[in-house]
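What follows is a short report on a single structure.
Derivation of every value follows stated rules applied to the coordinates shown; laboratory data play no part. It should be emphasised that the depicted structure is a prediction, and the values quoted were computed from it without experimental measurement. Cβ: placed from backbone, ideal geometry, glycine included. Neighbour counts: every protein chain shown.
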Amino acid sequence: MSPTVAADGPALAELLLQRLEWAGGGGLCSLEVAAALGLEHQQLVGAVKSLQALGQKLPCGKVGFSKAMSNKWVRLEKNAEGGPRVFRAVESVQDSVREKLQLVQQGEAERLEEKDRNELKKRKLLMEVVIKTYWIRKGSAFSTTVSKQETDLTPEMIASGSWRDLKFKAYNFEALGIMPESGHLHPLLKVRTQFRQIFLEMGFTEMPTNNFIESSFWNFDALFQPQQHPARDQHDTFFLQDPAEATDFPTDYLKRVKKVHSQGGYGSQGYKYDWKLEEARKNILRTHTTAVSARVLYRLAQQEKFTPAKYFSIDRVFRNETLDATHLAEFHQIEGVVADYGLTLGDLMGILKEFFTKLGITQLRFKPAYNPYTEPSMEVFSYHQGLQKWVEVGNSGVFRPEMLLPMGLPEGVSVIAWGLSLERPTMIKYGINNIRELVGHKVNLQMVYDSPLCRLDT
Ligand code: PHE
């Protein structure tokens, strides 16, 4: 054997074994063998190590030994001196396994009996493979050249009539489609979906929020918020230049609003000031979704016969704020409104408990607060396990009669309502500390792609 063929590992190991056989009892020096084979010593060391590893594992030793025992080729003396020993029991053996494997090697595996075949398979000496073969025959359109099949019918083919002679490729209805590039929902939208789901489970109907621009009338006046209220200042509210004013108001209702502000009524003293239509007309970007609730409640009051109602909205609002890590000039509000005869603060607390329980928030506390349009008003706090403190999660209250009665709602109907921001629970849920990472031009789109689905109750 030429020494230079010993290139790959197993071949080299076998070459080494052969040399070892010729060498008789003495053994070989790896340096000498390497030199004789014209190899780097390290290559030979590799072969030696691989043989050593084989010796340690002896993967087939156990099977081989038990076969040799059952064929009575060897005999085991358990009590031999120095521990159990194995002795040769026959002069020569007839290795039937080897003969069977040789049959396979000669391509005559089918001559094996099924029993033998299965045994060899079990010992992983044999593997059966199924080969699919084709019998090829001439078809009706047989030709010795392969003509290209058309995949598209073009206007030119139709115009020239060439389509008549062309061969078109058949549709492959089995082909898998290409996965379309898909969009990703922003975390705010995922959290919004969850909130909407909770409201829908509770039987609430969604209010139409599709107007960012609102008149001061619906945003403030209808809510019994006086015209001198600081929130109606340029510093807190964005005013529109064009169109600067709204014109279309329900006249009778507007008169009643004017009256309740300036003179009072419905058991109220009012604010006793000169209410001005020009102020109510000013167009603004709505500062809260309670403007939407006011419109919807007014519409509810126009029904001939009052029916109880549960409404919700989730949409954008705008405030002229100083921007910082937790404040933007626009954000989203979530609002719930329930109208029925005789609702009390207890009903409000009960419904808030149910709503927040659905969010996974069970520890609630209420703190008296002030809103121009609700009395009583309550801020809602929940205990935050992560922050280990009580955090404000919402604002709520019972709408004032000064707001509801001018709308035309029957006496005895009360309306309870609450609101919260969408950004705050989203930031908590997704572990975002700076609102600029959630909204605006600095948002990392990867954050949007990678953010998981939102489950508020887990
Ligand atoms: N409009 C209030 C706000 O902007 C929230 C609120 C809604 C309060 C409904 C009471 C009732 O914070």
Q) Rounded to the nearest 20 Debye, what is the dipole magnitude of the chain about its Cα centre when Lys and Arg each give +1 and Asp and Glu each give -1 at the C-beta? A) 1480
Q: Over 24 Å between C-alpha atoms is what I'm after, so list which of K62/K122; K310/K358; K282/K367 land there.
A: K282/K367
Q: Starting at the first residue of the range 83-88, write each ³J(HN,Hα) from the Karplus equation 6.51 cos²θ - 1.76 cosθ + 1.60 with θ = phi - 60°, in whole Hz, x for Gly and Pro.
A: x, x, 9, 10, 10, 5
**Q.** Residue-averaged 222 nm ellipticity for the chain, from DSSP H runs of 4+ at -39500 (n - 2.57), nearest 500
**A.** -10000 deg cm²/dmol
Q) Taking the alpha-carbon centroid of each part, what is the distance from the range 85-162 to the range 222-280 in angstrom? A) 89
Q) In the chain, with Lys and Arg counted as +1 and Asp and Glu as -1 at Cβ, which of these residues, L44, F220, W22, has the Cα nearest the positive end of the dipole, that is, farthest along it? A) W22
Q. Just going by the charge dipole of the chain, with Lys and Arg at +1 and Asp and Glu at -1 on Cβ, which of A159, T144, V90 is farthest out on the positive end?
A. V90
Q: Can you give me the P(r) profile for the chain? Cα pairs, bins 20 angstrom wide beginning at 0, each as a whole percent.
A: 16, 27, 12, 20, 18, 7, 0
Q | Fewest-first sequence of W275, W135, W22, W418 by Cβ atoms within 10 Å of each Cβ | A | W135, W22, W275, W418
Q) Fewest first, what order do H41, H441, H288 take by the number of other Cβ atoms within 10 Å? A) H441, H41, H288
Q: Count charges around Q263 for me, please; just the other residues with Cβ under 13 Å from its Cβ, Lys/Arg as +1, Asp/Glu as -1.
A: +3
Q: Can you put L189, L352, L323 in order of Cβ neighbours within 10 angstrom, beginning with the fewest?
A: L323, L189, L352
(Q) Please list, short to long, the whole-number percent of alpha-carbon pairs of the range 109-223 in consecutive 10 angstrom bins beginning at zero. (A) 8, 13, 14, 10, 13, 16, 15, 5, 4, 1, 0
Q: Taking the Cα centre of the range 153-295 as origin, work out the dipole magnitude from +1 charges on Lys and Arg Cβ and -1 charges on Asp and Glu Cβ, in debye rounded to 20.
A: 340
Q.
Tell me whether the range 237-307 comes out rounded, prolate or oblate; compute the Cα gyration tensor, take square roots of the eigenvalues as a ≥ b ≥ c, and use a/c under 1.5 as the rounded threshold.
A. oblate
Q: May I ask you to compute the full-extension gain from Y449 to L31, defined as 0.36 nm times their residue separation minus their alpha-carbon distance, rounded to one decimal in nm?
A: 144.5 nm
Q.
With a cut-off of 8 Å between alpha carbons and a minimum separation of six or more residues, what is the relative contact order of the chain in percent?
A. 12
Q: Report, by chain and number, residues whose modeled amide H sits under 5 Å from the one on M378, excluding near sequence neighbours (fewer than 5 apart, same chain).
A: A369, S396, G397
Q.
Which one, Y383, H332, L345, projects farthest toward the positive side of the charge dipole computed for the range 314-389 from Cβ point charges (K/R +1, D/E -1)?
A. Y383
Q. Around Y311, with a cut-off of 10 angstrom between Cβ atoms, what is the net charge of the other residues, counting Lys and Arg +1 and Asp and Glu -1?
A. -1
